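> Got a structure for you, questions after.
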Amino acid sequence: MLSKKVEAALNAQINAEFWSAYLYLSMSAHFAADGKPGLANWFKIQFDEEQEHALRFFNYVIERGGKVELKPIEKVDLSWNSPLHAFEETLKHEKVVTALINDLVALAREEKDYATESMLQWFVNEQVEEESTAQSYIDALNMIKDNGFGIYTLDKEMQGRK
Ligand code: FEO
């Protein structure tokens, strides 16, 4: 059985993951309208992944006999100045999510909820990957700068993400 504190924190995280999904879907829509189908594809897959994260928490709360409570999803930005700007915002957001996951781990330990702590390990590792991926695109886009062919090539490559 989950403690009330852990249950509330996991419910807040479900909302944060759905907010992330919404953010990346908005980025996908932005780049689709901006003639960058590869970036649109990349962020749409990111949207799928965030929904999977939300569902991992959703299923876990139920498995532990808790009650899922879905909260309203706050609005997200609708446009970004450039692909670099979108990835900078992505990294900034993923760092916030990492801090949320770390807080959850700390709470699980405080509550002696070792099952939740164990479940969260997957997310601890996932956040390392999320931040590293966003940083690698920031590095690439800083090299490309305003080079149209560079952006075109990167966009083509991003169309391959499945
Ligand atoms: Fe679910 Fe990108 O963190």
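The values are calculated or read from the model by the stated rules, or taken from the named source; none is laboratory data. Just so we're clear, the structure is a prediction, and the values are computed from it rather than from any experiment. In this analysis, Cβ positions are derived from the backbone assuming ideal geometry, glycine residues included, and neighbour counts consider all displayed protein chains. Surface accessibility is based on the protein's heavy atoms, side chains included, excluding ligands, DNA and RNA. Shrake-Rupley method; radii C 1.70, N 1.55, O 1.52, S 1.80 Å.
> Using the heavy atoms of the protein chains and a 1.4 angstrom probe, tell me the accessible area per residue for region 42-105 in square angstrom.
Heavy-atom accessible area per residue stands at 57 Å².
> Write down Rg/Rh for region 114-162, rounded to two decimals, with Rg from the C-alpha atoms and Rh from the Kirkwood relation over Cα pairs.
My calculation of the ratio gives 1.23.
> Using a probe of 1.4 angstrom, how much of the accessible area of the chain is carbon and sulfur, in percent?
Values: 4990 of 8920 Å².
Roughly 56 percent of what the probe reaches on the chain is carbon or sulfur.
> Enter the mean projected area of the convex hull around the alpha-carbon atoms of the chain, in nm², rounded to one decimal.
9.3
> Can I ask one more? Magnitude of the Cβ-charge dipole of the chain, K/R +1 and D/E -1, about the Cα centre, nearest 20 debye?
260
> Once every DSSP H run of n ≥ 4 in the chain is given -39500 (n - 2.57) and the sum is divided by its residues, what mean residue ellipticity at 222 nm do you get, rounded to the nearest 500 deg cm²/dmol?
For the chain, the value works out to -28000 deg cm²/dmol.
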